[in-house]
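The values are calculated or read from the model by the stated rules, or taken from the named source; none is laboratory data. Just so it is clear, the model here is predicted, and its values are computed rather than measured. Here the Cβ is made from the backbone with ideal geometry for all residues, glycine too, and neighbour counts use every protein chain on show. With ligands, DNA and RNA removed, areas are computed over all heavy atoms of the protein, side chains included. Shrake-Rupley method; radii C 1.70, N 1.55, O 1.52, S 1.80 Å.
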Amino acid sequence: MKLRLLRNATLKLEIRGRIVLIDPFFAPKGSRPSFTGRAPNPLVELPASPEEILDGVELVVVSHLHADHFDPVAQSLVPKHLPMICQPGDEDKIRSYGFSDVMPLAKIIDWNGIRLQRREGSHGLGPVVKKMGPVMGFSITAKNEPAVYWAGDTVLYPAVEAIITGTKPEIIIIHPCGARWDGDLITMDAAEAVATCRLAPDAVVIATHMESLDHATVSRDELRRYSIEQGVSPQQLLIPLDGETLQLASRQA
């Protein structure tokens with residue numbers, strides 16, 4: 001398995017020879033509004049052109065419709081014929097953008113030897129959840145490939161803890177940028193990243209969604225320093241740079 005972080009939550013995953021694009025966010029640097037008044041978003045450019053990112057893509061997954069996960073540029077450039085998986089309730093909106101093969105992930109979808117299973121998530125806790133709206137994570141599994149749990153835009157709360165302890169994924173992808181909305185935490189932060197590592201001591205945890213939006217409060221360097229102080233090894237918690245590709249192997253292969 002190869003996993004390339006592009007920027008924010010946008011990932012290009014090669015699994016069983018198939019290429020899956022997750023949460024395409026193609027906006028040029030500074031072309032979107034600021035969330036906090038600190039700077040226009042996104043804070044950085046993509047490390048590759050949208051055309052290069054889209055090359056070879058056979059399936060697209062959109063976890064939710066926030067603009068930093070599926071923006072107007074991506075809505076325009078992603079080929080409309082590509083199969084797209086989304087959370088239930090988003091399919092009509094996505095079809096309105098012209099996409100013809102939209103599959104809501106209510107429970108499980110099997111696609112070309114790859115299984116995607118919907119997982120719960122909460123984009124914060126308390127009243128902020130209503131502002132953020134519903135989100136989903138998912139597990140992705142295939143023969144002779146590492147079992148992946150993509151947590152998505154969620155905080156660490158009992159449902160996520162139960163997914164990790166109950167399914168025992170080999171790879172866990174989290175968003176520990178400490179994003180806040182009106183002061184409320186809406187994604188994991190450094191402490192929750194460390195707690196995730198402790199929940200799954202045998203898993204590799206990958207931190208994405210870093211240093212790309214102005215409402216984030218945790219940088220890559222801060223996450224690395226804190227995790228090492230807390231006894232989490234750099235071999236367990238991977239913090240890739242934008243554009244970096246990781247090679248991931250299953251313990252069962």
query: What tally of residues in region 98-125 results from selecting those that are closer than 22 Å to ILE164 by Cβ and either open to solvent by less than 50 Å² (accessible area, probe 1.4 Å) or within 15 Å of the chain's Cα centre (by Cα) (or both)?
result: 12
- prompt: If ARG16 satisfies every condition in (1) in contact with a Ser or Thr (Cβ under 7 Å, 6 or more places away or on another chain); (2) in contact (Cβ under 8 Å) with a residue 24 or more places away in the chain but one, which is the exception?
  reply: (1)
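To keep it simple, each residue is scored yes or no on (1) without any contact (Cβ under 8 Å) to a residue 60 or more places away in the chain; (2) touching a strand residue (DSSP E or B) at 6+ places or on another chain (Cβ under 9 Å).
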| position | (1), (2) |
| --- | --- |
| THR196 | yes, yes |
| PRO201 | yes, no |
| ASP214 | no, yes |
| THR217 | yes, yes |
| SER227 | yes, yes |
| PRO234 | yes, no |
| LEU238 | yes, yes |
| GLU244 | no, yes |
- prompt: Residue check, ALA67 against (1) buried (at least 18 other Cβ atoms within 10 Å of the Cβ); (2) of a type in the set (Gly, Ala, Ser); (3) within 18 Å of PRO42 (Cα to Cα), all met but one. Which one?
  reply: (1)
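Of all strands (runs of 3 or more DSSP E) completely enclosed by region 102-196, which ones contain at least 1 residues that are touching a Gly at 6+ places or on another chain (Cβ under 6 Å) and not aromatic (Phe, Trp, Tyr)?
Fully inside region 102-196 and qualifying: 114-120, 136-142.
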- request: Check off (1) part of a strand (DSSP E or B); (2) open to solvent by 60 Å² or more (accessible area, probe 1.4 Å) for LEU11 and give me the number that stays unchecked.
  value: (2)
field: Residue tally, condition open to solvent by 10 Å² or more (accessible area, probe 1.4 Å) and within 20 Å of GLN235 (Cβ to Cβ), over region 170-190
entry: 2
Looking only at region 201-234, and only at residues there that are not in a loop (DSSP other than H, G, I, E, B) and not aliphatic (A, V, I, L, M), the one that is surrounded by the most Cβ atoms within 10 Å (Cβ to Cβ): SER227
field: Residues that are without any contact (Cβ under 8 Å) to a residue 60 or more places away in the chain and of a type in the set (D, E, K, R), drawn from region 99-149
entry: ASP101, LYS107, ASP110, ARG115, ARG118, ARG119, GLU120, LYS130, LYS131
- prompt: How do the pairs read when you match residues in region 22-44 that are assigned to a strand (DSSP E or B) with residues anywhere that are at pLDDT below 95 and open to solvent by 10 Å² or more (accessible area, probe 1.4 Å), using Cβ under 6 Å and keeping only pairs 6 or more apart or on different chains?
  reply: none
statement: If we ask which residues in region 175-218 are within 18 Å of THR141 (Cβ to Cβ) and in contact with a helix residue (DSSP H, G or I) (Cβ under 7 Å, 6 or more places away or on another chain), their number turns out to be 2
